[in-house]
Structures are given as structure tokens and as C-alpha cells.
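Inspection log for the structure reproduced underneath, given as C-alpha cells.
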Amino acid sequence: MEHSRIVITGLGLTSPNGNTIEEYRKNLLNGVAGVQLMEVRYMGQQPAGICDFDAKKYQTRKELRVGTRAGSIAIYSAHEAVASAGLKFDALDKSRIGVYIGTTEHGNVETENEVYNISKFDYDTRYWTHHHNPRTVANNPAGEITINMGITGPHYTIGAACAAGNAGLIQAVQMLRLREVDVALAGGVSESIQTFGIFAGFKSQGALGFHADVSKASRPFDKSRNGIVVSEGGAVYTLERLEDAQARGANILAEIIGYRINSDASDYVLPNPERQAECMRAAIANAGIAPQDVDIVNTHATSTPQGDIQECKAIAEVFADCPNTYVNNTKSFIGHAMGAAGALELAGNLPSFDDNIVHPTINVDELDPECALPNLVINEPRKVDAVKVILNNSFGMLGINSALIVRKFEG
Amino acid sequence: MTEDQVKQIVIDIINEIAPDEDTSGLKGEIALREQLDLDSMDFLDIVMELRKQHGIEVPEADYPQLASLDSCASYLTPKFNEK
């Protein structure tokens, strides 16, 4: 069956180290991390990735009061994605736009806030807000986009743990190919820094990162790494079928040429390198390319002692004979943006198609020998001859793996 | 507590829950929804803030009493003074 080719024509994002792709990329090439200390309820100061985008740019103060942080991040990113695509939004048939937003979790923040609120009223549930349910339904971030932008096509969130950013994009590719929609706004968002439960859960698991120098708290592949830095953020892409994008003369940022999602079927939290390798290999086959064609592998590695090693094993196996495939990591700059991670990390690498530079993984003071992949780009960016294909890994709890492959558009 | 003070309490709550609205020239006798962009969830917010901030309970059957500033003042002032 011949599939429509699907291309990226727009991108909007907010990251702990940038609110535009230009600012974000500049910081990734200059080694500027976005992790800082934040007061977390019941837990005190913790490293976290915090975004400082102008939420009032696209929302009224009332919308901000009633809605969620995830919704706000999604709305900001979606507007920026539409603007960047050069779409004449007012002229579009809004019933033909689909919104597919990946999230790791949703509702924890709002539920914790309400429990805290009623704790001030002796746990009297008469003080529980009527906004609770619309704030916590799982489709909230995507639904807030549709309300804010007047989009009447389908919308939903994709719950895929920390593979969700890729999963949102994959869903959009599928819906465009099925011609369910003509334009898709897709990616991932995270508001997880507002929930102490995520921090406390990682802490109890022995997987919450810290460092005396907070900017080094997230340090995948470093021998002293000790866990995850939780971040908020979002990246939303405008996706279209190639023929539609070309018909309107759109600037094409990249083509999505392959993907795969699979399941470990082995553990709630522990990764499985065999399945990760299977996932990457299947995505490469789906794209109709060979491992040697991949120029950058953007790793999922979250700075946990075990997880980083497992992913390196999988990459070493799949890319064993690929001297020109480079490997990097974006979480070393921004922490783990959870449901946004896949989409945001891909965004940080897309400009490589234009500048042929591989952004590094930073904060590697002493490389863990078990993570010493031959072409790991450490601490300094690497200029290469050409970047034409990027493979973006995102994995999540319950054993969900995703690999998304994009190619520079050259006709 | 006077009716004017109660009206000011209601205006203060509206300023919190609908911060984009201009409440400076509100007319007491005209329905709030005709003068401001308020929906049913906003009225529930007014009820919640009366409960939280002032310990005033408004039963659901009495929600229509909150339609205008004047009706709010007539309905709520005795409740404030009974506290």
C-alpha cells in the first residue's frame, strides 16, 4: 500500500532553555543548560526544568486561571507551530485539523492541588473545586488547544509515558495518511514539575537526580549520574501531507519517514535493551533505509545509572557498523520533559539539517565506560559533512519504546 | 455590614475569577451576565469564594439570587449580618 508522505511544516515549543527554536538551538550549541532549583511541595528545593514562556501571549488571564499548565504549554506551542508553518489559519476548515498531544501523565498536578486545598478546610469536600474534572480529564491539554483556537476536528492526548512525544507525532502521521484530517498539530507536553508525586516517586525509586552544581544535575552517560531531573515543556509540530504542503508553497522542515512503537512486556520500570533494539531496527525498516543512513541518534537516556547503559547496549548493537552515525542527548541540557521529551528533543536536532552540526550531550565530566559509544558527541558540538537522517528514541515506563525517523527534505 | 460593602465583596471576587473584565462601571440592577463575560462555571466560582473567604453558604436553589449586584446585596447582606 502506497502511503502519503508526511512532512513537518511548522514547530512551536517552550523548553527550559528556550521559547523559540532559534533560542533553544543556540543554547544547545553553546552548552547552556536550563535546569534550576525549584521549591517542590513537601520536598524542598529540587533540580527542575522550568519554562518562562509568555503564557498571556495567547491566553486571557481567565483562561490561565481556569485551565491547566499543560493546557497553557500546549496552547502556546500550538499557536507558534501554526505561525511558523505560515498557514492562513483563519481560512482553514477547522473541522479538518486534528490535535494529537502526548502526555506522560495528566491530572496529578490538579488533584494534588485540590487535596492540598481541602486540607486547609479540614478535608471538607465542599471546598473541592468544580474545575477539577475538566482540568483532569486525560484529553485536557489537547482539548484546551481546540477551545482556544476554535478547532473542531478530532483531539485527544496520547498517554504513552515518556515515549508520548513521539507517539503524538506518530498518531498524526497515521491520521493524515488515513485522510481523517488535512492538518495535524501534534507533539507532546509536560506540566510534571508541579506535582510533588513525580519527584517523590523517583526519589523513592532511587532515580531522582541531584548535583551540587544544579546545572549538572542531569548528566546522562557521566559516571557519577544519579537520576532524572523532572522538567516541564512542550513541542507541537504542524504536519501535512507532502502534496498539500507543496501546493501551498510551504517551507518544509523535515519529512517523517519511519517509526515504530513496541512493548518490552517484561517490567514496570526497568528498560529492556533487546526490545529497544528491535524498536529501532523496525523503525529503520519502516523508513526503508539502513542503519548506516542514520546520521544522528538522539538518545532517550535520562541520567539513571541503569537506563543509560541499557540504551547504549541497544544502540551499540543496531549501529555496530555505522562509523558515521553520531549519538547525542538533549536531556543533559533540559532535564527530562516527560511527555514532551520526544517532541522537544527532536526539535533541538532538526536544525542540524541546515547547519550540519550535532549538538552534544553535556555534563560528562567522566564518561562511564559502559556508555562509551564510539561516536557519542560529548560536551562540544560536532560539525559533520552532512546531516540527512535523524532517529529519535523515546522510551517509557511499563516498557513502551518508540523510535521516530525524520529526513531532511530534498524533494 | 451594609449592602454597599457586600457589593464590594462580590466585585472583589469577580475581579479574582474574571481578571480580564472591567468591573469599574457595573450597574447594580442589570444582570451581571449582561455586563460581563461570565459563564455558569464562573457563578460556581463566586459561590465557592463566598464559602471559602467568608463562610457564606448559597444553596443551589438560591443561585438566581446572585444574578445582579443589587440582588446579591439583598440576598447576601442578611447572611453576612447573621454570622
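Bear in mind these aren't lab numbers, they're just calculated from the coordinates by the rules spelled out. What you are looking at is a predicted structure, and each value in this text was computed from that prediction instead of being measured. Here the Cβ positions follow ideal geometry from the backbone for every residue, glycine too, while neighbour counts run over all protein chains shown.
Positive contributions from Lys and Arg (+1) and negative ones from Asp and Glu (-1), summed over other residues with Cβ under 13 Å from the Cβ of A:Arg225, come out at -3.
Calculate, for A:Ser266 and A:Gln205, the FRET efficiency according to 1/(1 + (r/R0)^6) with r their C-beta to C-beta distance and R0 30 Å; round to the nearest 0.05. After rounding to 0.05, the efficiency reads 0.95. The percentage of C-alpha pairs in segment A:261-339 whose separation is greater than 22 Å is 24%.
The mean count of C-beta atoms from other chains within 10 Å of the C-beta of residues in B:14-20, rounded to a whole number, is 3. Derived from the Cα gyration tensor, the three semi-axes of the equivalent ellipsoid of segment A:6-247 are 31, 24, 15 Å, largest first. Cα extents for segment A:168-222 along the principal axes, largest to smallest and rounded to whole angstrom: 51, 25, 17.
Among beta bridges from DSSP that stay inside the protein assembly as shown, the antiparallel ones total about 65%. Averaged over the residues of B:37-49, the number of partner chain Cβ atoms lying within 10 Å of the residue Cβ comes to 2.
Counting every pair of alpha carbons in chain B, the share spaced more than 15 Å apart comes to 52 percent. The simple spin-label model puts a point 7 Å past each Cα toward its Cβ; for A:Gln174 and B:Glu82 those points are separated by 5.8 nm. Positive-end ranking of A:Val82, A:Thr361, A:Ser72 along the dipole of the protein assembly as shown, with charges on Cβ about the Cα centre, is headed by A:Thr361. Using the average count of surrounding beta-carbon atoms within 10 Å as a protection proxy, the listed peptides A:243-249, A:361-367 rank, highest first, as A:361-367, A:243-249.
Among the listed pairs A:Lys57/B:Lys52; A:Lys57/A:Lys88; A:Lys94/A:Lys388; A:Lys56/B:Lys27; A:Lys26/A:Lys216, a Cα-Cα separation exceeding 22 Å is found for A:Lys57/B:Lys52; A:Lys94/A:Lys388; A:Lys56/B:Lys27. Pairs over the 28 Å Cα-Cα cut-off, from the set A:Lys203/A:Lys383; A:Lys120/B:Lys83; A:Lys383/A:Lys408; A:Lys203/A:Lys331: A:Lys203/A:Lys383. Put in line by how crowded their Cβ is, counting other Cβ atoms within 10 Å and starting with the fewest, A:Tyr24, A:Tyr259 read A:Tyr259, A:Tyr24. For the protein assembly as shown, dividing the convex hull volume of the Cα atoms by the residue count gives 157 Å³ per residue.
What separates the Cα centres of segment A:45-124 and segment A:213-289 is a distance of 22 Å. When A:Lys383, A:Lys94, B:Lys7 are arranged by Cβ crowding within 10 Å, least crowded first, meaning fewest neighbours, the order is A:Lys383, A:Lys94, B:Lys7.
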